[in-house]
1. Which residues, counting only those in the range 1-35, are touching a residue at least 60 places away in the same chain (Cβ under 8 Å), surrounded by 10 or more Cβ atoms within 10 Å (Cβ to Cβ) and either assigned to a loop (DSSP other than H, G, I, E, B) or in contact with a Ser or Thr (Cβ under 7 Å, 6 or more places away or on another chain) (or both)?
2. Condition first: surrounded by 11 or more Cβ atoms within 10 Å (Cβ to Cβ), more than 13 Å from the chain's Cα centre (by Cα) and touching a residue at least 12 places away in the same chain (Cβ under 8 Å). Can you find one or more residues in the range 67-89 that meet it?
3. Quick one: what pairs do we get from the range 36-52, first residue closer than 17 Å to LYS76 by Cβ, second surrounded by 15 or more Cβ atoms within 10 Å (Cβ to Cβ) and acidic (Asp, Glu), C-beta under 7 Å, 6+ apart or different chains?
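None of the figures in this text is laboratory data; all of them are computed from the coordinates on show. Just so you know, these numbers come straight off a predicted model, no measurement behind them. Using ideal geometry, Cβ is built from the backbone for each residue, glycine included, and neighbour counts are taken over all protein chains shown.
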Amino acid sequence: MNFNKDSAIERAKADLAKRLNVSENEIKEVSVSERDFPDMSLGAPVEDEMSAQMISTGWQINLAANGEKYEYRADKYQLRLCGFQGTNRIVET
């Protein structure tokens, strides 16, 4: 899948709503910013993942629900959830 900023935000909201078992209407967009990540895992590798050490430009997507904040990272090729229940997750590649 190829993401653009808007499609990455929508996919992140849908993923979080599913994980939390809430309506997408309950997911709030806190901020979205363009970022350069240090590697192809967007600085959020999953366990035992090896990734190319080259700058990857994408978006940091900060969402909130139920009084908690959640961070997603995306580039045009992938979407990741950072630190959810203590681990990074690959949502879509």
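1. MET1, PHE3, ASN4 - these are the residues of the range 1-35 that are touching a residue at least 60 places away in the same chain (Cβ under 8 Å), surrounded by 10 or more Cβ atoms within 10 Å (Cβ to Cβ) and either assigned to a loop (DSSP other than H, G, I, E, B) or in contact with a Ser or Thr (Cβ under 7 Å, 6 or more places away or on another chain) (or both).
2. no
3. Within 7 Å, the pairs are LEU42/ASP75; SER51/ASP39; ALA52/ASP39.
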